[in-house]
Amino acid sequence: MKYIVGIGGMTNGGKTTLTNSLLKSLPNCCVIHQDDFFKPQDQIAVGEDGFKQWDVLESLDMEAMLSTVQAWMISPRKFARAHGVSVQLDASDTHILILEGFLLYSYKPLVDLYSRRYFLTVPYEECKWRRSTRRYMVPDPPGLFDGHVWPMFQKYKREMEANGVEVVYLDGMKSREELFHQVLEDIQNSLLNRS
Ligand SMILES: Nc1ncnc2c1ncn2[C@@H]1O[C@H](COP(=O)(O)OP(=O)(O)O)[C@@H](O)[C@H]1O
Ligand SMILES: O=C(O)c1ccc[n+]([C@@H]2O[C@H](COP(=O)([O-])O)[C@@H](O)[C@H]2O)c1
Ligand SMILES: [Mg+2]
């Protein structure tokens, strides 16, 4: 069985942290990080607001991300080997792929491939604070959060909801441990129901 899990939601919701914990506990589990598909800086458009528009779908090479997902779908075993993931030969034939990122459910060709879509959120103040402590490859210029990051998050979330994309919302204010156990249990139950 092939099982694709989305760990999506807002920037600084805790997606990467949760994903890293799940990876250690799920058997035959590979990961694809959406952040690895940002286009080079010189291809990022500058908006009328003067900000580089990092938080839009067009800033990501989603075709390349889709191709990577398709490579896993064709042969999860080969994909795992190529990515240094050890495959348990005696285990049931279940292969799990985690897709992790902030715009997972806005790209049409991917949206129906998920077995389960999680969506992490924290309140605005917490998100802004956590973001201020982060250092990205390209540091945030002053005003980027309120001028670009937050409005784009709201826009894509609204669109996702309007399109009827079903997600399991997760409260990113819960502790790392609580979130990890909640999602691990949920995935394990969902796998049992399918087998
Ligand atoms: N459950 C949590 N509670 C408090 N802080 C968290 C939690 N999960 C992650 N963090 C912290 O929040 C920041 C963003 O986490 P990260 O996993 O990188 O988020 P994302 O990938 O969604 O941007 C990091 O400083 C991380 O240590
Ligand atoms: O990784 C990069 O090269 C990069 C360059 C510029 C900006 N980012 C930011 O990365 C954010 C998504 O990552 P994350 O972990 O915060 O969800 C997104 O909000 C972007 O503004 C990321
Ligand atoms: Mg991250």
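Since every read-out is calculated from the coordinates, none of them should be taken as a lab result. Values in this document were obtained by computation on a predicted structure and should not be read as measured data. For neighbour counting, all protein chains shown are included, and Cβ atoms are generated from backbone atoms with ideal geometry for every residue, glycine included.
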Check V31: other-chain or 5+ apart residues with amide H under 5 Å from its amide H, H built from backbone geometry? I98
Neighbourhood net charge (12 Å Cβ-Cβ; Lys/Arg +1, Asp/Glu -1) for I4: +1
Build a GNM of the chain with springs between Cα atoms under 10 Å: which of M137, M73, M173 gets the top mean-square fluctuation? M137
Compute, for the chain, the length of the dipole vector about the Cα centre, with Cβ point charges of +1 (Lys, Arg) and -1 (Asp, Glu) only. Units Debye, rounded to 20. 440
State log₁₀ I(q)/I(0) for the chain at q = 0.08, 0.16 Å⁻¹ as given by the Debye formula over alpha-carbon point scatterers of equal weight, solvent excluded. -0.27, -1.08
How high is the relative contact order of the range 2-194, in percent, with contacts defined as C-alpha pairs under 8 Å that are six or more residues apart? 36
Between the DSSP loop rule and a limit of at most 13 other Cβ atoms within 10 Å, which chymotrypsin sites (Phe, Trp or Tyr not before Pro) in the range 117-195 are left? Y136
Subtracting the Cα-Cα distance of E166 and S115 from 0.36 nm times their residue separation yields 17.3 nm
